[in-house]
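A.B. asks: This structure is in structure tokens; I'll ask about it shortly.
All of the numbers you see were taken from the coordinates with simple rules; none came from a lab. These figures come from a predicted structure and were not determined experimentally. Cβ placement follows ideal geometry from the backbone for every residue including glycine, while neighbour counts extend to all protein chains displayed.
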Amino acid sequence: MELQEKVAVPVFTRVNREVFLQQIYPERRPAVLRGVCLGPCLDKWTVEYLGQTGGDKEVKIHVSTVAQMDFLHKNFVYKTLPFNEFVKRASEELHSHFFLCEDESYYLRSLGEDVRKEPADLSKQFPDLFFSSVFRISSCGLQLWTHYDVMDNLLAQVTGTKRVVLFSPQDALHLYLSGDKSEVLDIDDPDLEQFPEFVKAKRYECVLEPGDLLFIPALWFHNTLALQFGVGVNVFWRHLPADSYDKKDPYGNKDPVAAARALQALERALNTLDELPADYRDFYGRRMIQRIQKRTFCSSLPSTHTEQDCDTTLPSSQFTKPG
Ligand SMILES: O=C(O)CCC(=O)C(=O)O
């Protein structure tokens, strides 16, 4: 049986702004940045402190009877709780007050004031806590489905540990996508009869410790598993020209405008092919695939299927790489 290739995400220490921007960022590969000064939040953000400082402002959360959340089949419900009550519940294993069952799991991905239009911004919604973007607060064991975002992202793990598995955008065809999400929910024990191609996707993995930053380049798929109750903050930023992005995208996961238009045109082309019998659809479908491959696949992208993975162009004396 074919085995899935696994690689550790490289860990870099002593990274400052210049090193990140000049040497790590242009590689467009995930990287863990360890030991970057994140300030007093690392010690301060206890359940009590967050509860007191965040107060009883209402937040919309995901609640599930199982820890592995599945957006495609929606095995969770959205509920609203005061922020301090939510943090308390997410940090405990058994709850005296609950919605579905006493060991339910909680996840907060904070939102903007107008959830449909405005992106989350902690500097506005929780001004006393942090000047940044999205809260990620999860119960121990909570696993978030594999998805990509269209913006570059730094995920800061403030408290608790978290396993993150990533897949390259070049492995998109092996991930059984439905929109921006993978249908393969159980990435550790996938159903290979249903998803035989999944083993061809190379798995990049790291465990984030408190204080770690993970650079997740746009379009890289990621799946997170909270190994402990923990609080993270992530910051998305635009690196394409501003008008490339969908103006109404509070989550940072709507396809760029040109990609969305191309996908719509593809749907129209496929509907046109439906006018033909199956053998012609099959034939012209193959021709279209060939055309698309020839026109779009980029041979100059750094391959994610070579031995270079733990090899970086960075001066090795300055950095720590995984052993
Ligand atoms: O840390 C998490 O819970 C999810 C992180 C994530 O999906 C992201 O940073 O885009």
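A.B. asks: Subtracting the Cα-Cα distance from 0.36 nm times the residue separation, let me have the gained length for Q4 to L266 in nm, one decimal.
C.D. replies: Length gained between Q4 and L266: 91.2 nm.
A.B. asks: Would you calculate the separation in nanometres between label points at K57 and N253, each defined as 7 Å from the Cα along the Cα-to-beta-carbon direction?
C.D. replies: A separation of 2.2 nm, rounded to one decimal place.
A.B. asks: Return one quarter of the surface area of the convex hull spanned by the alpha-carbon atoms of segment 1-71, equal to its mean projected area, in nm².
C.D. replies: Across all orientations, segment 1-71 yields a mean hull projection of 9.5 nm².
A.B. asks: Amide H to amide H under 5 Å from W220: which residues, 5+ apart in sequence or cross-chain, H placed 1.01 Å off N in plane?
C.D. replies: Amide H neighbours of W220, under 5 Å, 5+ apart: D149.
A.B. asks: Continuing with the same structure: Quote the relative contact order of the chain in percent (integer), defining contacts as alpha-carbon pairs under 8 Å separated by 6+ residues.
C.D. replies: Numbers: 614 pairs, mean separation 76.2, N = 323.
Relative contact order comes out at 24 percent.
A.B. asks: So if I restrict to the alpha-carbon atoms in the chain, what is the Rg, and what is Dmax, the biggest pairwise distance, in Å?
C.D. replies: Every Cα atom of the chain included, Rg and Dmax give 21.0, 66 Å.
A.B. asks: Who wins for biggest fluctuation among Q68, Q264, Q293 in a Gaussian network model of the chain, springs between alpha carbons below 10 Å?
C.D. replies: Q293
A.B. asks: Next up: As a check on your grasp of the helix formula, calculate [θ] at 222 nm for the chain: sum -39500 (n - 2.57) over DSSP H runs of n ≥ 4, divide by the residue count, round to the nearest 500.
C.D. replies: -5500 deg cm²/dmol
A.B. asks: Using every pair of alpha-carbon atoms in segment 160-294, split the distances into 10 Å bins beginning at 0 and state the percent of pairs per bin, rounded to integers.
C.D. replies: 9, 29, 34, 20, 7, 1
A.B. asks: Let me ask something else about it. Could you list which residues have their amide H under 5 Å from that of N253, counting only those 5 or more apart in sequence or on another chain, with H placed in the peptide plane?
C.D. replies: Distant-sequence amide H within range of N253: V150.
A.B. asks: Which of L213, L173, L185 ends up with the largest GNM mean-square fluctuation for the chain, with Cα atoms connected below 10 Å?
C.D. replies: Result: L173 has the largest fluctuation of those listed.
A.B. asks: Taking 29 Å as the cut-off for C-alpha to C-alpha distance, list the pairs among K79/K202; K247/K294; K6/K162; K79/K181; K6/K88; K181/K294 that go past it.
C.D. replies: Distance filter (> 29 Å) returns K79/K202; K247/K294; K6/K88.
A.B. asks: Please list, in chain and number order, the residues 5+ apart from L177 or on another chain whose amide H is under 5 Å from its amide H, with Hs placed from the backbone.
C.D. replies: Residues meeting the criterion, in which the H sits 1.01 Å from N, are E183.
A.B. asks: State, to one decimal in nm, how far the label point of L273 lies from the label point of D186, with both points 7 Å from Cα in the Cβ direction.
C.D. replies: The answer from the label model is 3.3 nm.
A.B. asks: Quick check: the distance between the Cα centres of segment 1-41 and segment 196-237, to the nearest angstrom?
C.D. replies: 11 Å
A.B. asks: Something else now. Given a 10 angstrom Cα cut-off, can you work out which residue in S168, S96, S300 is the most mobile in a GNM of the chain?
C.D. replies: Among S168, S96, S300, the largest GNM mean-square fluctuation belongs to S300.
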